[in-house]
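The values are calculated or read from the model by the stated rules, or taken from the named source; none is laboratory data. Note that the structure is a prediction, hence the values are computed from the model and not measured. FYI the Cβ positions are ideal-geometry reconstructions off the backbone, even for glycines, and counts take in every protein chain you see.
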Amino acid sequence: MTAVLRRCRGCAREYGAGAGPHRCEDCGYEIGWWCTAHETWLPAPKEWTLGSRLVSAVWDLPNRGVPTCARCEEDARLAKERRRVEAERARVARERAKAARKRKRKKPARPAPRVPRSRRAKVVRLVLALSIIGVVLAGGYCTYLRWLSSSDHRPRVTVHPAPPDQGTRSPVKSIERMAVGGHLMRARRYREAVEVFQRAIELDPENAWAHCGLSGALYKRRRYRESESAAREAIRLAERGEGKLLGSSHFALGRALAAQRRRQAAIGELRRALRYHPRHTAARRLLRRLASTR
């Protein structure tokens, strides 16, 4: 609240806040308005008019004709604002405490329902049955693969007897015999494949593919020297042939030499095979294996 009173500007005599003389009775100086809170003189109030007197009489009856200190008004406004902020903080704290008490009074969440034992047992039995079925199927598949690879159940290839005119040349029949020999090789019937390739060579001695196939069949029969001779004959006949034929022939020779432990010669033949047939994976694999061993 503003502490304003009347005071002499000369001798500082106080005359209170009410109405009184305009000059000091002791020294004769003019009496002004003094703020005791900030120790400063206040400007004199404006001259009263009829309208201002009526308004002051209605709205500011206790302090009519008393000036106000701007600094005191600012301090009062700041104090009011601080009280308002403190009240707002207290209200927010009360609301938070109330919400916390409500959360504490809430019932705890119900736990997830447990799976009944009978249902759990059904799930376990189902998983066990599926595991057993998987094991049985895997075993059956492995048995089937062994059955396919066994010698008693390999695919049968019918080999027709040689025609009576064995001395005549027939390139077409030689190619047919080569196809039969390829089927026999895939069926791992290497003994019959050797006979079929020999028959194909008899029908067409210039057939380099037949010599190459005979070399492969003899290699599977572990007759490495005969396989080497057949491969060399295939290379001789295929000198002016296609690159794939030359690559296969050099690979057959290199494989036969590697089986006879002639490592350097085998490496040379395999490199020639890759030169003529760069995509020959078997030759590349065998060459890498021979190069890694000492």
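The table below lists the values:
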| read-out | value |
| --- | --- |
| Sole exception among (1) more than 21 Å from Thr281 (Cα to Cα); (2) modelled with pLDDT under 90 for His250, by number | (1) |
| Selection from region 232-268 of residues that are aliphatic (A, V, I, L, M) and under 10 Å from Ala208 (Cβ atoms) | Ala234, Ile235, Leu237, Ala238, Leu245, Leu246 |
| Elements of type helices (runs of 4 or more DSSP H) contained in region 98-216, each with 1 or more residues being among the hydroxyl-bearing types (Ser, Thr, Tyr), under 38 Å from the mean Cα position of the chain (by Cα) and at pLDDT 75 or above | 117-149 |
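The rows are residues; the columns are (1) assigned to a loop (DSSP other than H, G, I, E, B); (2) buried (at least 22 other Cβ atoms within 10 Å of the Cβ).
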position: Arg236; (1), (2): no, no
position: Lys244; (1), (2): no, no
position: His250; (1), (2): no, yes
position: Leu253; (1), (2): no, yes
position: Arg261; (1), (2): yes, no
position: Gln264; (1), (2): no, no
position: Gly268; (1), (2): no, no
position: Leu274; (1), (2): no, no
position: Pro278; (1), (2): yes, no
